[in-house]
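Novice: Next up is a structure, given as structure tokens.
The values are calculated or read from the model by the stated rules, or taken from the named source; none is laboratory data. Computed from a predicted structure; not experimentally measured. Every residue, glycine among them, receives a Cβ derived from its backbone with ideal geometry; neighbour counts consider all protein chains shown. Keep in mind that these areas ignore ligands, DNA and RNA; they rest on the heavy atoms of the full protein, side chains included. Shrake-Rupley method; radii C 1.70, N 1.55, O 1.52, S 1.80 Å.
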Amino acid sequence: MQLQILVNGLLLGGLYGLVTIGFSLVWGVTNVVNIAHSSFITLGAYGAWLLYSRLDLGPFTSLPIVMAVMFLVGFAIQHQVINRVIRHGLVMTLIITFGVDLILTNAVLLTFSADYRAVKLPYSSSGLTLGSIQVPYLRLSIFVLALVIMALLATFLSRTRSGRAIRATALNQEAALLMGVTIDRVYATTYGVAAAIAGGAGVLMSTLYSFGPEVGRGFLTRAFVITVLGGLGSLPGAILGGVLLGLIEAVTTVSLGAGYTEVMAFAVLVAILLFRPQGLLGKRFYGGAKS
Amino acid sequence: MFSFKWTRTRAGRLLATLLTTLVAVGLIAGCSKSEPKPAASPTPAPAAAAPKTMKIGVAVSMTGNFSKEGTLMKQGYDFWAEKINAVGGIKVGNDTYKVELVYYDDKSDTTTSVKLTEKLITEDKVSFIFGPYSSGITQATSAISEKYKIITIGTTSNTPALYERNFKYLFGTLPLAPTYLHPVIEFAATLDPKPKTAAIITPDNLFALSAAEGAKAKVESLGLQVVLNEKFPMGAKDVSSLLSQVKAKNPDMLLVTGFFTDGTLVVSQLKELKWSPKLLAFTISASIPDFRKNLGADAENVFGAEWWLPNMKYEDKFYGSARKFADDFKAKYGIEPTYHAASPAVSGLILQKALEKAGTLDSDKVADALRSLELETFFGKIRFDAQGRNVAGQPGAFQIQKGELVELWPKDIARGKAVYPRP
């Protein structure tokens, strides 16, 4: 049973990691705590549901489509809305992303009603059986996807021009400006990428849960904790932090009781801030070199 | 245009101010459209003796965690309001009052609901309050209505703690929460072979915990052993570790006293773990149609208990039989009603009877009238005790068989046989 618990925690951690990567990236690069992140997850889930119910597309087929659309949506929102407020400081960006979140969530509510949807596939709850351990396929694929996305994103950030521009902006905005980087476009691209990944997480989540317009909301606090845990702006940190949190939650369920998982999550947050505020894999002041 | 250089001139600034004002006004106007307006009750055409209107306030969860249940409640209230207005309204003494329901969305949040209840009473000046969704929220909002001496009829609020405060203006239509799974447990005890062990899991919420306590007491009183009794956080996205623990204990019965999202989560995660107890029972979620729709075949043979089901053999003169109410409701809204809609609908009927008896809108007299009522309705029997509890009602147990709800207990409403153990 212990091994099953660990597997559960690991797989849950994969989901957490996937949800957090984009959030951490945006925070690290643009210094925006993106409260609207949860609504991107929601949009991804509904996108997957729409494509499944109208065009019979499975989640893995609709994944690239939804991610592409979400990139455009995120790019547009950042460029037109959030960019205008960014120079006014953290509080304003909090307020505006909160507003964006409200608008998007309520738009979803109006369009789709509060009815719960699900993408039910024939293989929805089946999985591998390794001895006495059950490993559900969908959760495993989320874990794998998280790793794949992390690798792709890392490649993007180090090998492509846009990616390097993003890293440059995060390290030193003024120097990047001097090098001819269009900061606005960098910010928008980062945000778009984050939205795309969140949308991807949403697509896969549509197969796991009966979801309503608020499905993303429950993940925001976790994303916050994991970002701090793993280190601001660090991609491996997001995954590692996610996995760690998943494991902590799983073990807490067994040792202290399932009611304490939230308590533990925030206890971890406090501990990290006390003892290693840059997070496990974060560098001090990464992304903080602007005001 | 977006570098705003044109605002550097006087004319430019003027234009900018004008545009901003227009946009702001437009937004406010647009927002106030989505702001709560009185529900669309049929506006009375100018009648011979211009009927008066009585306002009833409802702060209910139209968004948030409880949006599903809240929407069903609103439909139930609307259903009653339309029906009563169609026959001219409620006769109170020498006047006839049309009913106007004033709605606000409390976003499934207690603090918001409390503020909205205060707003309904102080600003909208409603005469009565129909309850919000869930005991937790009703506990808070009823404290406000009690302060202002306005009657609240709680339609989905049945945690015992609410009725232990000596409130004079609170009434609840549902039997108390601890009895929720009693019919399932009582039924299980009649099965052969009789189940020996039970596990109970519950989200951390006033209602759910109360139902779990009642279930535990009943299970133990019938000689079964409770092998696991755990809480998990409200709105949890993953209970696989908890369920792994349950699986390890291998109980005959698993009782889950949660809400809709918990129910669907547990069923799919149990399937992932490739284990099921012989008897799986839920409060609330099992009777909601989306449960069967979203889970498909996985929902088969799940047990549930309900305060009311369309095929229960109850009836009254206003709505007809439970079945007729359900059919009329379905004709209007396209879905079968659950108790979330039926309880609100009956609350209107109860209020109407009390008003007719009291002959006035005065809260004290209406409260006394409510306490003196003994009704048989399509929802079941209604009789309030001194604290406002409906002591005449009782829930019924059912099982999902081939996508249908089949009532199994109490015996006088039983319609079929159980499939046990769960294949």
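Novice: For peptide B:254-265, compute the average count of partner chain beta-carbon atoms within 10 Å of each residue's beta-carbon.
Specialist: Across B:254-265, the average partner-chain Cβ count within 10 Å equals 2.
Novice: Shape verdict for chain A, please, from the Cα gyration tensor: rounded (a/c under 1.5), prolate (a/b greater than b/c) or oblate.
Specialist: Oblate.
Novice: Another question about this same structure. Over the Cα atoms of the range A:134-255, what Rg and Dmax result, in angstrom?
Specialist: Computed over the Cα atoms of the range A:134-255, radius of gyration and Dmax are 16.7, 55 Å.
Novice: For the ranges A:266-278, B:189-201, what's the packing order if you count other beta-carbon atoms within 10 Å of each residue, average per peptide, and put the highest first?
Specialist: B:189-201, A:266-278
Novice: Still on this structure, I have one more. Of the beta bridges DSSP finds with both residues in the protein assembly as shown, what % are antiparallel, to the nearest 5?
Specialist: 40 percent
Novice: Follow-up. Which shape class applies to the range A:189-252: rounded if a/c is under 1.5, otherwise prolate when a/b exceeds b/c and oblate if not, where a ≥ b ≥ c are the square roots of the Cα gyration tensor eigenvalues? Walk me through the numbers before you get to the answer.
Specialist: Working: a/c = 2.04, a/b = 1.12, b/c = 1.82.
Oblate shape, in that a/c is at least 1.5 and b/c is the bigger or equal ratio.
Novice: Here's something else I'd like to know. Which of the listed residues, B:L349, B:P337, B:L375, is farthest toward the dipole's positive end in the range B:337-405, when Lys, Arg count +1 and Asp, Glu count -1 at the beta-carbon?
Specialist: B:P337
Novice: Once you charge only the Cβ atoms, +1 for Lys and Arg and -1 for Asp and Glu, what is the size of the charge dipole of the range B:307-423 about its Cα centre, to the nearest 20 debye?
Specialist: 440 debye
Novice: Based on the alpha-carbon gyration tensor of the protein assembly as shown, what equivalent-ellipsoid semi-axes (square roots of 5 times the eigenvalues) come out, in whole Å, largest first?
Specialist: After scaling each eigenvalue by five and taking roots: 46, 35, 21 Å.
Novice: Extent of chain B along each principal axis, from alpha carbon coordinates, in Å, largest to smallest?
Specialist: Largest first, chain B extends 84, 66, 40 Å along its Cα principal axes.
Novice: 222 nm [θ] for chain A, helices only, -39500 (n - 2.57) per DSSP H run of 4+, per residue, to 500?
Specialist: Numbers: 11 runs with 209 residues, N = 291.
My calculation for chain A gives -24500 deg cm²/dmol from helical runs alone.
Novice: In addition: Please report, to two decimal places, log10 I(q)/I(0) for the range B:125-280 at q = 0.09, 0.19 Å⁻¹ as given by the Debye formula with identical point scatterers on the Cα atoms and no solvent.
Specialist: Normalising to I(0) and taking log10 leaves -0.35, -1.09.
Novice: Treating the beta-carbon of each Lys and Arg as +1 and of each Asp and Glu as -1, no other charges, what is the dipole magnitude of the range B:338-381 about its Cα centre, to the nearest 20 debye?
Specialist: The dipole of the range B:338-381 has a size of about 80 debye.
Novice: How shielded is B:288-299 by partner chains, expressed as the average number of their Cβ atoms within 10 Å of its Cβ atoms?
Specialist: Mean shielding by partner chains, rounded to a whole number: 3.
Novice: Once amide H atoms are placed 1.01 Å from N in the peptide plane, what residues at a sequence separation of 5 or more from B:M62, or on another chain, have their amide H within under 5 Å of its amide H?
Specialist: The list, which skips near neighbours in sequence, is B:D106, B:K107, B:S108.
Novice: Something else now. Report the Cα centroid-to-centroid distance between the range A:96-122 and the range B:174-237 in angstrom, as an integer.
Specialist: 33 Å
Novice: Here's another thing I want to ask about it. Cα centroids of the range A:55-81 and the range B:247-303: how far apart, whole angstrom?
Specialist: Using only Cα atoms to place each centre, the spacing works out to 33 Å.
Novice: Peptides B:216-226, B:69-79: what's the order by average Cβ count within 10 Å, highest mean first?
Specialist: Per-residue mean Cβ counts within 10 Å order the peptides as B:69-79, B:216-226.
Novice: Can you give the calculated 222 nm mean residue ellipticity of chain B, where each DSSP H run of n ≥ 4 adds -39,500 (n - 2.57) and the sum is split over every residue, rounded to the nearest 500 deg cm²/dmol?
Specialist: Estimated from H runs of four or more residues: -12500 deg cm²/dmol.
Novice: Where q = 0.15, 0.19, 0.20, 0.30 Å⁻¹, what log10 of I(q)/I(0) comes from the Debye formula for the range B:302-347, counting one point per Cα?
Specialist: -0.35, -0.55, -0.61, -1.24
Novice: Which percent of Cα-Cα pairs in the range B:67-190 sits in each 5 Å bin, short to long?
Specialist: P(r) over the range B:67-190, rounded to whole percents: 2, 10, 17, 21, 19, 14, 9, 5, 2, 1, 0.
Novice: Shifting gears a bit: For a 29 Å ceiling on Cα separation, which of these pairs sit above it: B:K147/B:K231; B:K218/B:K332; B:K91/B:K125?
Specialist: B:K147/B:K231; B:K218/B:K332
Novice: Next question. Output the relative contact order of the range B:171-216, whole-number percent, from Cα pairs under 8 angstrom with separation of 6+ residues.
Specialist: 56 percent
Novice: Averaged across the residues of A:259-265, what count of C-beta atoms belonging to other chains lies within 10 Å of each residue's C-beta?
Specialist: Per residue, the average neighbour count from other chains is 4.
Novice: If the elastic network links every pair of Cα atoms under 10 Å, which of B:G12, B:G393, B:G380 fluctuates the most in the Gaussian network model of chain B?
Specialist: So, out of B:G12, B:G393, B:G380, the one fluctuating most is B:G12.
Novice: Given axes a ≥ b ≥ c from the Cα gyration tensor, I'd like to know whether the range B:328-423 is rounded (a/c under 1.5), prolate (a/b larger than b/c) or oblate.
Specialist: prolate
Novice: B:K237: which aspartates and glutamates have alpha carbons under 15 Å from its alpha carbon, excluding same-chain residues fewer than 8 sequence positions away?
Specialist: Cα-Cα hits under 15 Å: A:E214, A:E249, A:E262, B:D204, B:D262, B:E272.
Novice: Over chain A, what is the relative contact order in whole percent, taking alpha-carbon pairs under 8 Å and six or more residues apart? Numbers along the way, then the final one.
Specialist: Details: 523 pairs, mean separation 112.1, N = 291.
RCO, chain A: 39 percent.
Novice: When the solvent-accessible surface of protein heavy atoms is calculated with a 1.4 angstrom probe, in what order do B:V87, A:V81, B:V266 fall, highest first?
Specialist: Reading off the accessible areas and sorting them downward yields B:V87, A:V81, B:V266.
Novice: If you put +1 on each Lys and Arg Cβ and -1 on each Asp and Glu Cβ, how big is the dipole of the protein assembly as shown around its Cα centre, in Debye rounded to 20?
Specialist: In debye, rounded to 20, the protein assembly as shown gives about 1700.
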